[in-house]
Amino acid sequence: MSTVDSLRERARAPFDQRHDAATTALVAGEALVLGLVAGWVVTDFGVRQLATVVVALAAGVLLYGRATPRDILAGGLYMLAALLALFPVAYELHTFTVTGMAGVGSPWTHVLTVSDLLVLVLFLAVAAVPALLAFLVQNWTAVRGRLGP
């Protein structure tokens, strides 16, 4: 059973943990970059500004709730990798919906091509870079221990 006090506590929970100015700037910078990338991903759908604002705010809240700057940096890099991996899906979805228009032709001739597969592989390779960096940042002590003294 929920009370008003517990609702207030849950709403304040992400902001109870206060970070220093440098960590807050890191959160704000990562949230801005993630919002801009999300806006770029959905540009063809006409909701660029909305996606930029929503993703920037959501990423800022999620990242600010993390405990350490290392966790914040790793979380932002993982989110960036996910957005980059979603770009080919959004591109294909837009192409698939537009090809049903008059004079464009069958959607399957546009969606299932070798060039689209190359775009998918390229963006997955690009998304692997921030994912690998996030893994290294998050697990630096274990990685350094395996590399030796």
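The values are calculated or read from the model by the stated rules, or taken from the named source; none is laboratory data. The shown structure was predicted, so the numbers you read here are calculated from the model rather than taken from an experiment. Ideal geometry is used to build each Cβ from the backbone, glycine not excepted, and the neighbour counts take in all protein chains shown. Each accessible area value is taken on the protein alone, full model and side chains, heavy atoms only, with ligands, DNA and RNA left out. Shrake-Rupley method; radii C 1.70, N 1.55, O 1.52, S 1.80 Å.
Residues of the stretch 56-77 that are open to solvent by 40 Å² or more (accessible area, probe 1.4 Å), of a type in the set (A, V, I, L, M) and closer than 20 Å to VAL129 by Cβ: LEU73 alone. Evaluation of VAL143 against the conditions (1) among the aliphatic types (A, V, I, L, M); (2) modelled with pLDDT under 80; (3) assigned to a loop (DSSP other than H, G, I, E, B) shows that the sole unmet condition is (3).
Residues that are open to solvent by 30 Å² or more (accessible area, probe 1.4 Å), in contact with a Lys or Arg (Cβ under 8 Å, 6 or more places away or on another chain), at pLDDT 90 or above and assigned to a helix (DSSP H, G or I) are absent from the stretch 82-91.
What is the residue count in the stretch 24-42 for residues that are assigned to a helix (DSSP H, G or I) and either among the aromatic types (Phe, Trp, Tyr) or open to solvent by less than 50 Å² (accessible area, probe 1.4 Å) (or both)? First the steps, then the outcome.
Taking the stretch 24-42 as the starting set, the residues that turn out to be assigned to a helix (DSSP H, G or I) are 24-41.
Applying the additional criterion that residues be either among the aromatic types (Phe, Trp, Tyr) or open to solvent by less than 50 Å² (accessible area, probe 1.4 Å) (or both) yields 27, 29-31, 34-35, 37-41.
Count: 11.
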